[in-house]
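The values are calculated or read from the model by the stated rules, or taken from the named source; none is laboratory data. Predicted, not measured: the structure shown is a model, and the values here were computed from it. A quick note on method: Cβ atoms are made from the backbone with ideal geometry, for glycine too, and the neighbour counts reach across all protein chains shown.
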């Protein structure tokens, strides 16, 4: 495939995903049809089925779009580890990802995402979903932790792979609390993340 074709395909995907998100928010996931999404994105329904297969997979593609930001900021966050407090920076990494995730998909739509992942008979969906929501964040947390350990800020014997996975899993748990507990505000979510990161990371710091 030529570079032009790849670019055009990427642009069509973006149009479809933006149109789908807007329609899902307006009408609800169940009531929004592929045909309506196609009309809004100015493509054929066949194009949507060709790209995504199902409406549920289109929803997962929108989720993935919200996870790109933390990957793009990986190098910036890692560089900042040379001068900034470990607890504060790790909290910023996590909350940056949470804000990106929330901007990509609403609380209500997250209910549809979780229902699809939990009930589909396709055994490949759950691993792909977990990699989508945790892979980029986990890698960025790991790179920041590695920078701190190289700089002597984190005890040298700490298993950073395990620590980054633990912090990532914990962030996802807190995020699901935010999705399920409708009375929980983003400020309260941030406070919970700060409490967890401070509790886990502080004993592992060298000063």
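Please tell me if residue 45 is in the same structural domain as residue 171 (by TED's automatic domain parsing) and either farther than 30 Å from residue 202 by Cα or in contact with a helix residue (DSSP H, G or I) (Cβ under 9 Å, 6 or more places away or on another chain) (or both). Considered against the rule, which asks whether it is in the same structural domain as residue 171 (by TED's automatic domain parsing) and either farther than 30 Å from residue 202 by Cα or in contact with a helix residue (DSSP H, G or I) (Cβ under 9 Å, 6 or more places away or on another chain) (or both), residue 45 comes out as no. Scanning the stretch 187-205 for residues that are surrounded by 12 or more Cβ atoms within 10 Å (Cβ to Cβ) and either touching a residue at least 40 places away in the same chain (Cβ under 8 Å) or farther than 20 Å from residue 102 by Cβ (or both) yields a total of 10.
The condition (being at pLDDT below 95, assigned to a helix (DSSP H, G or I) and more than 23 Å from residue 175 (Cβ to Cβ)) is satisfied by just one residue among 35, 26: 26. When you look at residue 102, is it crowded, with 17+ Cβ neighbours inside 10 Å, in contact with a helix residue (DSSP H, G or I) (Cβ under 8 Å, 6 or more places away or on another chain) and over 29 Å from residue 55 (Cβ atoms), yes or no? It is false that residue 102 is crowded, with 17+ Cβ neighbours inside 10 Å, in contact with a helix residue (DSSP H, G or I) (Cβ under 8 Å, 6 or more places away or on another chain) and over 29 Å from residue 55 (Cβ atoms). Each residue in the stretch 110-152 was checked for being surrounded by 18 or more Cβ atoms within 10 Å (Cβ to Cβ) and over 21 Å from the mean Cα position of the chain (by Cα), and 3 pass.
Among the conditions (1) without any contact (Cβ under 8 Å) to a residue 40 or more places away in the chain; (2) more than 21 Å from residue 68 (Cβ to Cβ), the only one that residue 92 does not satisfy is (2).
Residues to consider are 118, 64; find the one that is under 24 Å from residue 10 (Cα atoms) and modelled with pLDDT under 95.
Numbers: 118 fails: under 24 Å from residue 10 (Cα atoms).
Only one candidate qualifies: 64.
For the stretch 39-51, the candidate set comprises residues that are in a helix (DSSP H, G or I) and touching a residue at least 12 places away in the same chain (Cβ under 8 Å); within that set, the residue that is farthest from residue 125 (Cα to Cα) is 40.
Taking the conditions (1) buried (at least 17 other Cβ atoms within 10 Å of the Cβ); (2) over 19 Å from the mean Cα position of the chain (by Cα); (3) part of a helix (DSSP H, G or I) in turn, residue 62 satisfies each one other than (2). Going through (1) in contact (Cβ under 8 Å) with a residue 12 or more places away in the chain; (2) surrounded by fewer than 16 Cβ atoms within 10 Å (Cβ to Cβ); (3) within 30 Å of residue 207 (Cα to Cα) one by one, residue 73 falls short only on (2).
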